[in-house]
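The values are calculated or read from the model by the stated rules, or taken from the named source; none is laboratory data. It should be emphasised that the depicted structure is a prediction, and the values quoted were computed from it without experimental measurement. Every residue, glycine as well, gets a Cβ built from its backbone with ideal geometry; the counts of neighbours run over all protein chains shown.
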C-alpha cells in the first residue's frame, strides 16, 4: 500500500502544475523534501465550511440580538403596568417609540458604510433585522399617535398639520423680509 501511495505521489509531482480534483485544489511543489510534496490551498470546500460556521455563529448571535432589540418595548410595558410612566404616559410612550425608531433607522443606515470601511461583510446579515425593528417602532409610534392621542379623528390631525404648515410658511417668508 505504501508503494501505491509513493507511485501516486511520484506521478503527481511529475506534473508541476496546479490541478483540480473534484472540489479540492492541489498545488504540486517541486524541490521540497519528499514529505510533504503536495500543499493544499484553502479550497472551496474549506471556504464553504468556514462560511457555514460563520453563518451558524451569526444565526446564534441573531437569537441574542433579537430580544435585546425588544428591551425598549418591554421597558414601556413594564413601566405602564407599574404605573411609572409619569404624569403624561401618552407623551412618554410616543416619544420613546419615536426615539427608538430614529435610533434603529440610524443603526440600519450605518451598517453599509461601516461594512465597507472595516471589510466586515458579515455585518450585512444584521441590516434587515435592524431595519425591521425600525419599522416596528415606527409603526408603534404612528399607532400611538393616531389611535391613543388623536382617536383617529382626521379633522384634528389635518388641522394640526395645516396650522404647522402655515406657521412654517410664515416663518419662512418672515426670514426673507
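Here are some notes:
- Residue within segment 102-117 that is surrounded by 13 or more Cβ atoms within 10 Å (Cβ to Cβ), more than 14 Å from the chain's Cα centre (by Cα) and modelled with pLDDT of 95 or more present: yes
- When residues of segment 54-72 are limited to those that are closer than 12 Å to residue 122 by Cα and at pLDDT below 85, the one surrounded by the most Cβ atoms within 10 Å (Cβ to Cβ): 58
- A single entry from 175, 162 fulfils the requirement of being surrounded by fewer than 10 Cβ atoms within 10 Å (Cβ to Cβ), modelled with pLDDT under 95 and part of a helix (DSSP H, G or I): 175.
- Candidates 146, 85, 142, 90, filtered to the one that is modelled with pLDDT under 95, over 14 Å from the mean Cα position of the chain (by Cα) and not in a helix (DSSP H, G or I): 85
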